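Quick notes on the structure that follows.
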Amino acid sequence: MAVEFKDFAAVIEAPLNEDRSLAVIAEVKKLIPNKPIRWLVSTHHHWDHLGGVRAYVAQEGVTIILQEQNHAYYAEVLSVKPWLLKPDRLALAPPEEVAEGYTFEKVGQQYALTDGTKVMQVYNVQGLAHAQGMLMVYMPMERIVVEADLFTPPTQGATLPTMVAPAARTFYNNVQRLKLDPQTIAPIHGGRTYPWADFARYVTSASTN
């Protein structure tokens with residue numbers, strides 16, 4: 001997911017691998033031309049979500065916004081070592097800044113990225129069993145909340161499970177705790193957005209796993 005600011009772009013999540021990230025970077029540059037990708041929000045440390053971070057650092061020189069508990073692991077992922085099998089761009093041409101450690105913006109409980117007009121708020125998800133150090137993103141003007149692994153909308157025409165998964169309930173509780181007012185959920189998994197009102201109705205009326 002890409003967010004356009006006045007003079008730059010930010011991307012949320014870099015999944016899978018370098019090839020995937022290079023394709024996304026190319027698409028972002030088509031959709032948001034003449035603006036550098038300066039920031040990458042990485043929600044958490046699972047490999048299907050961070051597998052492409054090295055490509056963003058090598059290709060765009062981004063600053064990665066991550067939850068502070070994950071910093072040591074991401075530093076290891078971005079370490080520059082000899083690669084014998086299919087070396088990626090970071091291994092072939094590492095920028096000096098990676099070695100010097102200027103690649104990260106560590107988030108404790110919350111962080112705000114702004115150009116003076118548009119605001120992107122980043123929050124730590126508290127009380128989540130799925131992964132410690134999980135971030136979610138909220139765009140207050142657009143009323144969009146971006147989340148990973150907390151809630152996956154059903155495919156068109158399908159129904160929601162009878163019982164609410166613990167991660168979905170934790171997601172709802174964190175939005176309430178932070179007093180956010182989303183209208184739309186933009187999930188990393190699932191392929192489509194979902195109305196917050198429908199999700200809230202589901203969580204507050206269904207059973208818990």
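The values are calculated or read from the model by the stated rules, or taken from the named source; none is laboratory data. Given the structure is predicted, the values throughout are model-derived calculations rather than measurements. Reconstructed Cβ throughout: ideal geometry from the backbone, glycine too, with neighbour counts over all protein chains shown.
Residue-wise test of (1) out of contact with any His (no Cβ under 9 Å at 6 or more places or on another chain); (2) assigned to a helix (DSSP H, G or I); (3) surrounded by 14 or more Cβ atoms within 10 Å (Cβ to Cβ).
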position	(1), (2), (3)
Leu40	yes, no, yes
His49	yes, yes, yes
Ile64	yes, no, yes
Tyr102	yes, no, no
Open item on the list: I need a count of the residues in segment 1-34 that are surrounded by fewer than 16 Cβ atoms within 10 Å (Cβ to Cβ), within 20 Å of Ala112 (Cβ to Cβ) and among the charged types (D, E, K, R).
Closed with: 3
TODO: Among the residues of segment 153-169, write down those that are under 21 Å from Met1 (Cβ atoms) and surrounded by 18 or more Cβ atoms within 10 Å (Cβ to Cβ).
DONE: Pro153, Ala167, Ala168
- [ ] State all residues of segment 156-209 that are modelled with pLDDT under 90 and either closer than 27 Å to Val11 by Cβ or part of a strand (DSSP E or B) (or both); if no residue qualifies, say none.
- [x] Gln156, Gly190, Gly191, Ser207, Thr208
Open item on the list: Suppose we keep only residues that are among the aliphatic types (A, V, I, L, M) and in a loop (DSSP other than H, G, I, E, B) within segment 104-133. Which one would you say is surrounded by the most Cβ atoms within 10 Å (Cβ to Cβ)?
Closed with: Val125
- [ ] Check whether at least one residue in segment 140-148 is closer than 20 Å to Ala206 by Cα, of a type in the set (Gly, Ala, Ser) and either touching a residue at least 12 places away in the same chain (Cβ under 8 Å) or surrounded by 12 or more Cβ atoms within 10 Å (Cβ to Cβ) (or both), and report yes or no.
- [x] no
Task: Scan of segment 40-76 for residues that are touching a Phe, Trp or Tyr at 6+ places or on another chain (Cβ under 9 Å) and free of Cβ contacts under 8 Å to residues at least 40 places away in the same chain, ordered by number - done: Leu40, Leu50, Val53, His71, Tyr74, Ala75
